[in-house]
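Before any comments, here is the structure.
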Amino acid sequence: MPKAILVYIATVDVMNRIIGRFAMYLIFVLIAVLLWSSASKVVMTPSMWTLETAQFVMVAYFVLGGPYSIQLGSNVRMDLFYGSWSLKTKAWFDAFTVFFLLFYLGVLLYGGLTSMAYSLGYFGSEPFSFLFDLAWTFLTQGPSAASESLGFLERSSTSWRPVLWPIKAILCLGIFLMILQSSAEFFRDISRIRGVNI
């Protein structure tokens, strides 16, 4: 395998391992939020932020931990024949089916980025141009200049009414990390087909 691909695989693995290990501990944040929700209902007036906060933490836990789960091989598989195959046969099968996963993730990322642009107040027909311009403005001119190009921020329809762009950004980040990990797994499968284990 070319050295650039080996560096890519190692970099993606390290990055997703660090983020995945961080995401593992979000379960304790989720437990704390749900515990507070239960206690506040018994002792005082129920908190209106707990349900949506729990949902947001669960989304972050799921999408940021997904690439690490793929890296560890602990994702759920329907194992009717797969378990009895040789490593090389598994690698051939995985190298073929990863394209279906990448297509699905690409569609998810497209929808996620479009939805994030909407949540930042962009209602036009070119959300990617808007997001690129927003990121470029943020990097070159700072947060205050970037905030001027935002429109009406999308909020949840509940009584708490949090803005939705942060969780949509986390969702897009998680999908992007999943695409990186899936492509790294593809290269790893190609190396297994060639008889080299990475």
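Quick notes on this structure:
- In the range 106-121, residue farthest from Pro166 (Cα to Cα) [restricted to those that are in contact (Cβ under 8 Å) with a residue 12 or more places away in the chain and aliphatic (A, V, I, L, M)]: Leu108
- Screening Ala91 with (1) within 20 Å of Asp13 (Cβ to Cβ); (2) under 22 Å from the mean Cα position of the chain (by Cα); (3) open to solvent by less than 40 Å² (accessible area, probe 1.4 Å) gives one miss only, at (2).
- When the range 175-198 is limited to residues that are closer than 19 Å to Gly20 by Cα and not small (Gly, Ala, Ser), the one that is most open to solvent (accessible area, probe 1.4 Å) turns out to be Phe176.
- Matching residues, the range 159-174, being open to solvent by 60 Å² or more (accessible area, probe 1.4 Å), under 26 Å from Leu108 (Cα atoms) and either free of Cβ contacts under 8 Å to residues at least 60 places away in the same chain or in a loop (DSSP other than H, G, I, E, B) (or both): Arg161, Trp165
- Residue list for the range 2-48, restricted to those being without any contact (Cβ under 8 Å) to a residue 12 or more places away in the chain, among the aromatic types (Phe, Trp, Tyr) and assigned to a helix (DSSP H, G or I): Phe28
- Picking from residues in the range 49-65 that are part of a helix (DSSP H, G or I) and of a type outside the set (A, V, I, L, M), the one that is most open to solvent (accessible area, probe 1.4 Å) is Phe62.
- For the range 95-116, a residue qualifies if it is under 13 Å from Glu185 (Cα atoms) and either modelled with pLDDT under 90 or open to solvent by 60 Å² or more (accessible area, probe 1.4 Å) (or both), and the qualifying residues are Phe96, Phe99, Leu101.
- Some residue of the range 80-88 being closer than 26 Å to Ile190 by Cβ, surrounded by fewer than 16 Cβ atoms within 10 Å (Cβ to Cβ) and touching a residue at least 40 places away in the same chain (Cβ under 8 Å): yes
- Single residue of the range 164-198 satisfying the filter (β-branched (Val, Ile, Thr) and under 18 Å from the mean Cα position of the chain (by Cα)) that is nearest to Ile9 (Cα to Cα): Ile179
- Hey, Tyr68 free of Cβ contacts under 8 Å to residues at least 40 places away in the same chain, of a type in the set (Phe, Trp, Tyr) and not in a loop (DSSP other than H, G, I, E, B) or not: no
The values are calculated or read from the model by the stated rules, or taken from the named source; none is laboratory data. As the structure is a computational prediction, the values presented were derived from the model and not from experiment. Every residue, glycine as well, gets a Cβ built from its backbone with ideal geometry; the counts of neighbours run over all protein chains shown. Calculation scope for accessible area: heavy atoms of the full protein, side chains included, ligands and nucleic acids excluded. Shrake-Rupley method; radii C 1.70, N 1.55, O 1.52, S 1.80 Å.
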